[in-house]
Amino acid sequence: MNPETPVDTPVDTPVETPAETPVDEEAVRLHRARVWGAAERRLWHTSVDGTVGSRLRELAAWAEAAGHADAMPDTYGNGLVEELERRVAEELGLPAAVFFPTGTMAQQVALRCWAGRTGSPVVALHPLAHPEVHEGGAFGVVSRLRTVHPTGAPRLPTAEEVRDHPEPFGTLMLELPLRDAGFVLPSWEELTEVVEAARERDAVVHFDGARLWETTTHFGRGLPEITGLADSVYVSFYKSLGGLSGAALAGPEDVMEEARVWRHRYGGTVFQQYPAALSALRGLDVELPRLPSYVAHARVVAAAIREAFAEAGTGWSRVHPETPHTHQFQVWLPYGPETLTAAAFAQTEDTGAAFFRRWFPPAAGGPPGVAMTEVTVTEPGLEWTAKDVKEAVRDFLARVEG
């Protein structure tokens with residue numbers, strides 16, 4: 001018998017060792033969020049940066065300055081919510097708008113309304129569109145809609161693909177920009193041709209415009225001209241405008257009146273929504289006018305990142321699109337997401353600068369050994385020069401490779 005084996009342990013029975021302490025993933029996530037949220041320098045604010053107290057104080061201060069502090073809280077969609085709906089319709093140049101607590105609900109309602117009018121429950125959309133990837137099949141499970149895909153390429157469908165799709169459909173849904181493909185947009189000419197192709201098939205056109213607000217620079221058109229191509233449009237208040245939550249559906253008055261009925265049926269007529277409505281109004285006043293400057297500076301940041309990778313001899317890397325279509329874009333590197341996320345976090349912890357944040361593996365079927373992160377440029381990012389960006393990238397890569 002091995003003298004190191006306890007006398008009361010059978011020879012053939014392995015000695016138990018203490019189990020490793022399990023990692024508290026939620027605690028790690030919250031710690032990273034606090035560190036990134038407290039960074040002294042950053043490219044963008046996220047919806048979870050700061051604390052509850054700081055965000056409420058900022059919103060209250062803006063409400064006071066904007067003359068909303070003495071407004072009465074809403075009940076079931078009146079007051080500030082109605083004011084927000086009027087403002088959205090005005091900004092988009094559409095007849096009417098309806099507030100929704102979530103974009104998922106807003107688009108379910110929009111497409112259900114159009115299915116009733118066209119007589120077709122079939123929606124043509126991209127397989128990377130938000131409802132297909134991030135909503136658990138809600139179109140089919142909840143609203144009995146069926147989806148078809150005119151293209152599988154990582155871009156919006158072409159007019160030819162829409163025109164020649166072999167199955168009939170009642171609604172063409174276009175996500176502008178297509179986030180999971182890299183926040184990509186078609187050209188203005190391509191967009192108008194796609195819409196015309198849908199009209200030729202007697203289909204209505206719905207824009208998933210969660211991030212539509214920042215497309216004006218790429219298209220070279222104002223929001224009313226862009227939305228004028230569609231029969232209905234959904235927009236988000238927190239993705240680009242920094243709101244707490246909420247969305248709006250905009251379009252013809254009769255369709256919006258029906259949408260209010262379906263909103264109630266879907267459980268979306270919430271008793272009070274004034275904090276969300278107030279933060280959305282702030283976004284329209286403060287963030288919307290700044291978006292073109294964010295888009296312009298995102299192109300500076302993206303070019304500096306590409307140059308820094310080339311100068312460092314990183315090897316394979318991608319900034320996609322090379323010239324961002326909006327103020328958001330993807331960055332790809334040949335490392336695992338855990339390695340890159342750890343390096344990004346360490347950089348912020350050590351330097352107080354949040355440049356890259358979380359990294360993710362490619363979608364199913366993607367190549368192994370690479371990871372992607374999304375970069376956004378908002379107000380704090382305007383202070384970053386190309387030189388600042390290159391220095392941050394060099395420091396990040398040193399942490400990855402060290």
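The values are calculated or read from the model by the stated rules, or taken from the named source; none is laboratory data. For clarity, every value in this text was computed on a predicted model and none was experimentally measured. No Cβ is skipped: glycine too gets one built from the backbone with ideal geometry, and neighbour counts run over all protein chains shown. To get the accessible areas, we keep the full protein, side chains included, count just its heavy atoms, and leave off ligands, DNA and RNA. Shrake-Rupley method; radii C 1.70, N 1.55, O 1.52, S 1.80 Å.
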Q.
Every residue in the stretch 290-319 that is open to solvent by 20 Å² or more (accessible area, probe 1.4 Å), of a type in the set (A, V, I, L, M, F, W, C) and over 18 Å from residue 376 (Cβ atoms), please.
A. 310, 312, 316
Q) Within the group 214, 258, 225, 287, which residue is acidic (Asp, Glu), open to solvent by less than 10 Å² (accessible area, probe 1.4 Å) and in a helix (DSSP H, G or I)? A) 214
Q) Of the residues 300, 255, 233, which single one is within 18 Å of the chain's Cα centre (by Cα) and of a type outside the set (S, T, N, Q)? A) 233
Q) From the list 111, 30, which residue is touching a His at 6+ places or on another chain (Cβ under 8 Å) and either among the hydrophobic types (A, V, I, L, M, F, W, C) or more than 23 Å from residue 270 (Cα to Cα) (or both)? A) 111
**Q.** Among (1) in contact with a strand residue (DSSP E or B) (Cβ under 9 Å, 6 or more places away or on another chain); (2) part of a helix (DSSP H, G or I) - the single one residue 243 does not satisfy
**A.** (2)
Q: Find all pairs meeting these conditions: Cβ atoms under 6 angstrom apart; at least six residues apart or on different chains; first residue within the stretch 146-158 and closer than 22 Å to residue 325 by Cα and in a loop (DSSP other than H, G, I, E, B); second residue open to solvent by 70 Å² or more (accessible area, probe 1.4 Å) and at pLDDT below 95.
A: none
Q) Of the residues in the stretch 352-382, how many are closer than 25 Å to residue 184 by Cα and over 23 Å from the mean Cα position of the chain (by Cα)? A) 3
Q) Which number in (1) open to solvent by less than 60 Å² (accessible area, probe 1.4 Å); (2) farther than 30 Å from residue 75 by Cβ marks the one condition that residue 322 misses? A) (1)
Q. Within the stretch 100-121, can you find the residues that are open to solvent by 10 Å² or more (accessible area, probe 1.4 Å) and either hydrophobic (A, V, I, L, M, F, W, C) or not in a helix (DSSP H, G or I) (or both)?
A. 101, 102, 105, 114, 115, 119, 120, 121
Q: Would you be able to tell me the number of residues in the stretch 137-163 that are in contact with a helix residue (DSSP H, G or I) (Cβ under 9 Å, 6 or more places away or on another chain) and more than 18 Å from residue 206 (Cα to Cα)?
A: 5
Q. For the stretch 122-145, what are the residues that are outside any loop (DSSP other than H, G, I, E, B) and over 17 Å from the mean Cα position of the chain (by Cα)?
A. 122, 123, 124, 138, 139, 140, 141, 142, 143
Q. Residues in the stretch 256-302 that are out of contact with any strand residue (DSSP E or B) (no Cβ under 9 Å at 6 or more places or on another chain), under 24 Å from residue 242 (Cβ atoms) and hydroxyl-bearing (Ser, Thr, Tyr): how many?
A. 3
